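Student: Provided herewith is a single structure, encoded as structure tokens, for subsequent inquiry.
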Amino acid sequence: MTRTATQAPASNDPVLEARAENRVWKKFRSHKSAMLGGALVVFFILIALAAPLLPIPDPAATDWSAVRKAPSWAHWMGTDEIGRDVMSRLIWGAQASLAAGVVSVGIAVLFGVPLGILAGYFGGWTDAVISRCTEALLAVPFLILAIALAAFLGPSLTNAMIAIGISATPIFVRLTRGQVLSIRQENYIESALAVGLPTPKILSRYVLPNVLPPILVQSTLTIATAIIAEASLSFLGLGQQPPAPSWGSMLNTAKNFLNQAPWMAMWPGVSIFFVVLGFNLLGDGLRDALDPRDH
Amino acid sequence: MLAFLLRRILIAIPTVVIISIMVFGLQHLLPGDPLLVLAGEERDPAVLEALREKYRLNDPIPVQYLAWVGNALQGDLGVSLRTNQPVTELMAQKLPVTIQLALMSMVFALVIGIPAGILSAVKKGTATDYVANVVALSGLSIPNFWLGIMLILLVSVKWQLLPASGYVPPSEDLWQSIRTMLMPSFVLGTALAATLMRHTRSSMIGVLSADYVRTARAKGLAERVVILKHALRNALTPIVTLTALLFGELVAGAVLTEQIFTIPGFGKLVVDAVFNRDYAVVQGIVLVTAVGFIVMNLFADAMYFVLNPRLRGS
């Protein structure tokens, strides 16, 4: 058993593992744009978590004496059409965006990865059925599918997350299947089969750990896409419902007041841009750092 | 080549069947009696009975599905609850608008994306390459509906150069039609340009290190000739395929772009349908875009053969 274990790249040997971790971390750290991406992501996560603790006005508190006020000392980013503080709504809105990104990708990984492993490892009919379903889902443009699902499930943030999660699932099925197909040819799988290891053990001990790095990269990049998708759905009125704050719905309202209150349209877009850029940079950096080809 | 394409078409058939099952299944996600959904505000028992008959709602679900598919194959995707128009007719009306938007966006995408990709590949590792990459990644990270809002703010509200919304058919006034479509297609085009640039870059980098490029250089050909004639031609093959595959992004992008610029196209139709609970229209659009994507895929496969002489013989 120990022999097969040391053959596998994802070994249980703590020394080897630590060395591999160090290498990846070193490479990642030297990647300036990835570090910038990581910093952006951490910044937004901290802001979202700290929202209840920050000394900011209630995001839902209306103030009819301060309707559509330009940025000032009292309201750093101005106020909206019913006198709510834009900055406070922006900070609370970060929660909806990040939650949507993480939860929907979580759903996609939870369903996509096992299906991909099944398809790739067992082949035959299992593969044919899973693959055709994946192709069918992939054929519907991501946002159209999410809109249709959100429409039939009813508009809410939870349903938007489910809709985005289902729409993103085929990406993970396809990726995992491809990875498993190549891992299946490796010697360590053959050895594991030869010593009579039961299939569930082979899958969990040798297949899963080796498909994880590319899935981590894809998850990071898909969170970026999912955040844009949630903002798009909320912008269309199919995501977070008012009065709860979300960047997409803030933009939806702002679009009607472009003449009178352009600041309302500015910040939600800037926030979406930076958080998405953060995840994109982080994903690109992770891909380079985890790529075993050039170290 | 024919055998290959035939095989692709055969594989596409089960996929289309699954898509139709998915789209049909959507209406079962709705709570309550699907009949009331199909009927909308209509509560006349006679009409309800006719609908029940037409969609075979008393029959088991598989029979209902077959009836639905049978109608769909004859071009009957149901009737819009709001306008009482057949869904197919409604889509056919809106399609030209979105096609115009898509074509103009594609022009922006190709004109920006491909030269930027070539430049960044040729100058790999330099400041130019770095800037091009940052711009492309930013392009991927900007929500295009926000870009649209900002452009309206700047170009229409502040400078009053272009109309902020609306649509003029080209048959009515070609110049005005292009003018109104300019901003929306720029917004949609830049989003695609970023993807196109990244792919052109990596494809060009691969080709530039190939032997025949070195040979061409060794022959003393001008660098411009080497890049444009020898390298680009080969690098473009995967790009042509990709362009066909950008169809999905184009349709999805059109939904938001049309919403912002109030363009009465396909994308606006689906959003309006969602809010009017016009479910037959939503189903029709999902079905048509998905089948459209499969057709574009087959087209991309065919193009791959046409553009790659090495594959033609096999």
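Student: Please list 3J(HN,Hα) in residue order for the stretch A:265-270, calculated via the Karplus relation 6.51 cos²θ - 1.76 cosθ + 1.60 where θ = phi - 60°; whole Hz, with x for glycine and proline.
Tutor: Going residue by residue, I get 8, 5, 5, x, x, 4 Hz, with x marking Gly and Pro.
Student: Apply the Kirkwood formula to the protein assembly as shown: the hydrodynamic radius equals the inverse of the mean of 1/r over all pairs of different alpha-carbon atoms; give it in Å with one decimal.
Tutor: Values: mean 1/r = 0.0377 Å⁻¹.
Result for the protein assembly as shown stands at 26.5 Å.
Student: Taking 27 Å as the cut-off for C-alpha to C-alpha distance, list the pairs among B:Lys54/B:Lys268; A:Lys27/B:Lys123; A:Lys32/B:Lys124; A:Lys255/B:Lys268 that go past it. All intermediate terms of the calculation are to be shown ahead of the outcome.
Tutor: Details: B:Lys54/B:Lys268 29 Å; A:Lys27/B:Lys123 24 Å; A:Lys32/B:Lys124 18 Å; A:Lys255/B:Lys268 16 Å.
As for pairs spanning more than 27 Å Cα to Cα, those are B:Lys54/B:Lys268.
Student: For the stretch A:78-277, restrict the atom set to alpha-carbon positions and state the Rg and Dmax in Å.
Tutor: Radius of gyration, then largest Cα-Cα span, for the stretch A:78-277: 20.6, 74 Å.
Student: Here's another thing I want to ask about it. If you average the alpha carbon positions of the stretch A:270-285 and of the stretch B:98-162, how far apart do those two centres end up, in angstrom?
Tutor: 17 Å
Student: A further question follows. Picking from B:Pro264, B:Pro169, B:Pro184, which is most flexible by a Gaussian network model of chain B using Cα springs under 10 Å?
Tutor: Result for chain B, Cα springs under 10 Å: B:Pro169 fluctuates most.
Student: Can you give me the angle between helix B:45-54 and the longest principal axis of chain B, using Cα atoms only, in degrees from 0 to 90, rounded to the nearest 10?
Tutor: Compared with the principal axis, the helix lies near 50 degrees.
Student: Mind checking the mean number of beta-carbon atoms from other chains within 10 Å of the Cβ atoms in A:145-158? Please report the intermediate quantities before stating the final value.
Tutor: On the way: counts 7, 1, 10, 13, 4, 1, 14, 13, 4, 3, 2, 0, 0, 0.
Average neighbour count from other chains, rounded to a whole number: 5.
Student: Moving on to the next point. Using alpha carbons only, how many degrees (0 to 90, rounded to 10) separate the axis of helix A:157-183 from the longest principal axis of chain A?
Tutor: The helix A:157-183 is inclined about 20 degrees to chain A.
Student: Please determine, in degrees from 0 to 90 and to the nearest 10, the orientation of helix B:266-275 with respect to the longest principal axis defined by the Cα atoms of chain B, where the helix direction is its Cα long axis.
Tutor: Long axis of B:266-275 versus the principal axis of chain B: about 40 degrees.
Student: Same structure, new question: Hey, got a sec? Which trypsin sites (Lys or Arg not before Pro) in the stretch B:147-250 land in a DSSP loop and have at most 14 other Cβ atoms within 10 Å? Mind showing how you got there, number by number?
Tutor: Details: sites: B:Lys158, B:Arg179, B:Arg198, B:Arg201, B:Arg214, B:Arg217, B:Lys219, B:Arg224, B:Lys229, B:Arg233; in loops: B:Lys219.
Sparse-neighbourhood loop trypsin sites (Lys or Arg not before Pro): B:Lys219.
Student: Let me ask another. Tally Lys and Arg at +1 and Asp and Glu at -1 over the other residues with C-beta under 11 Å from the C-beta of B:Met150: what net charge comes out? Could the numbers behind the result be given before it?
Tutor: Values: positive: A:Lys255, B:Lys158; negative: none.
With Lys, Arg at +1 and Asp, Glu at -1, the net is +2.
Student: Given the C-alpha atoms of the stretch A:17-90, compute the convex hull and give its volume per residue in Å³.
Tutor: Numbers: hull volume 9.1 nm³, N = 74.
Cα convex hull per residue, to the nearest whole number: 123 Å³.
Student: Hey, another quick one. Just checking the output field for B:135-145: average partner chain Cβ neighbours within 10 Å of each residue's Cβ?
Tutor: Numbers: counts 0, 0, 7, 4, 0, 7, 13, 7, 14, 2, 11.
Per residue, the average neighbour count from other chains is 6.
Student: I would also like to ask the following. Based on the alpha-carbon gyration tensor of the stretch B:170-293, what equivalent-ellipsoid semi-axes (square roots of 5 times the eigenvalues) come out, in whole Å, largest first?
Tutor: Values: eigenvalues 334, 64, 22 Å².
After scaling each eigenvalue by five and taking roots: 41, 18, 10 Å.
Student: Work out the P(r) tail for the stretch B:129-169: percent of alpha carbon pairs separated by more than 17 Å, whole number. Display every interim value, and only then the final one.
Tutor: Details: 401 of 820 pairs.
When all Cα pairs of the stretch B:129-169 are counted, 49 percent exceed 17 Å.
Student: When Lys and Arg each count +1 and Asp and Glu each count -1, what net charge do the other residues less than 15 Å away from A:Gly83, Cβ to Cβ, add up to? Walk me through the intermediate numbers first.
Tutor: Working: positive: A:Arg68, A:Lys69, A:Arg84, A:Arg89; negative: A:Asp58, A:Asp63, A:Asp80, A:Glu81, A:Asp85.
After counting each charged neighbour, the total is -1.
Student: Another question, then. Percent of Cα-Cα pairs per 5 Å bin, from 0 to the last occupied bin, for the stretch B:94-276, please list those.
Tutor: Binned Cα distances yield the sequence 1, 8, 15, 17, 16, 13, 10, 8, 6, 3, 2, 0, 0, 0.
Student: What's the longest uninterrupted piece of chain A once you rule out the chymotrypsin sites (Phe, Trp or Tyr not before Pro) that are loop residues per DSSP with at most 10 other Cβ within 10 Å? Walk me through the numbers before you get to the answer.
Tutor: Working: sites that count: A:Trp64, A:Trp73.
Maximal segment without exposed cleavage sites: A:74-295.
Student: Still on this model: Which whole number gives the average count of other chain Cβ atoms within 10 Å of the Cβ atoms across peptide B:284-293?
Tutor: 4
Student: So, one more: Quick check on chain B: helices-only [θ] at 222 nm, where DSSP H runs of length 4 and up contribute -39,500 (n - 2.57) each and the sum goes over total residues. Nearest 500, please.
Tutor: Values: 14 runs with 227 residues, N = 314.
Calculated mean residue ellipticity at 222 nm is -24000 deg cm²/dmol.
Student: What percent do you get for the relative contact order of chain A when only Cα pairs under 8 Å and 6+ apart count? Don't skip to the end; give the middle numbers.
Tutor: Values: 442 pairs, mean separation 77.6, N = 295.
Over chain A, the number comes to 26 percent.
Student: Given Cβ point charges of +1 (Lys, Arg) and -1 (Asp, Glu) and nothing else, what value in debye, to the nearest 20, does the dipole of the stretch B:204-268 about its Cα centre take?
Tutor: 400 debye
Student: For the stretch A:203-258, evaluate the Debye formula with one uniform point scatterer on each Cα (no solvent term) and list log10 I(q)/I(0) at q = 0.13, 0.14, 0.17 Å⁻¹, rounded to two decimals.
Tutor: Debye intensities relative to I(0), on a log10 scale: -0.49, -0.53, -0.62.
Student: How big is the C-alpha Rg of chain B next to the rule-of-thumb value 2.2 N^0.38 Å, as a ratio?
Tutor: Details: Rg = 23.8 Å, N = 314, 2.2 N^0.38 = 19.6 Å.
So the Cα radius of gyration is 1.22 times the expected 2.2 N^0.38 Å.
Student: Still on this structure: Taking the Cα centre of the stretch A:78-277 as origin and charging only Cβ (+1 Lys, Arg; -1 Asp, Glu), how large is the dipole, in debye to the nearest 20?
Tutor: On the way: 9 positive and 8 negative charges, 51 e Å.
Once rounded to the nearest 20, the dipole reads 240 debye.
Student: Can you grab the distance from the C-alpha centre of the stretch A:66-102 to the C-alpha centre of the stretch A:212-240, Å, no decimals?
Tutor: Cα centroid of the stretch A:66-102 versus Cα centroid of the stretch A:212-240: 22 Å apart.
Student: Based on the Cα coordinates of the stretch B:40-139, what is the per residue volume of their convex hull in Å³?
Tutor: Numbers: hull volume 18.2 nm³, N = 100.
Cα convex hull per residue, to the nearest whole number: 182 Å³.
Student: Taking the Cβ of A:Val67 as the centre, find all other residues whose Cβ is under 14 Å away and add up their charges (Lys, Arg: +1; Asp, Glu: -1). Write out the running numbers ahead of the final one.
Tutor: On the way: positive: A:Arg68, A:Lys69, A:Arg84; negative: A:Asp63, A:Asp80, A:Glu81, A:Asp85.
Here the charged neighbours net out to -1.
Quick note: the coordinates plus some simple rules give every number you see, no bench work behind them. The structure displayed is predicted, hence computed values, not measured ones. As a convention, Cβ positions derive from the backbone with ideal geometry for all residues, glycine included, and neighbour counts pool all protein chains shown.
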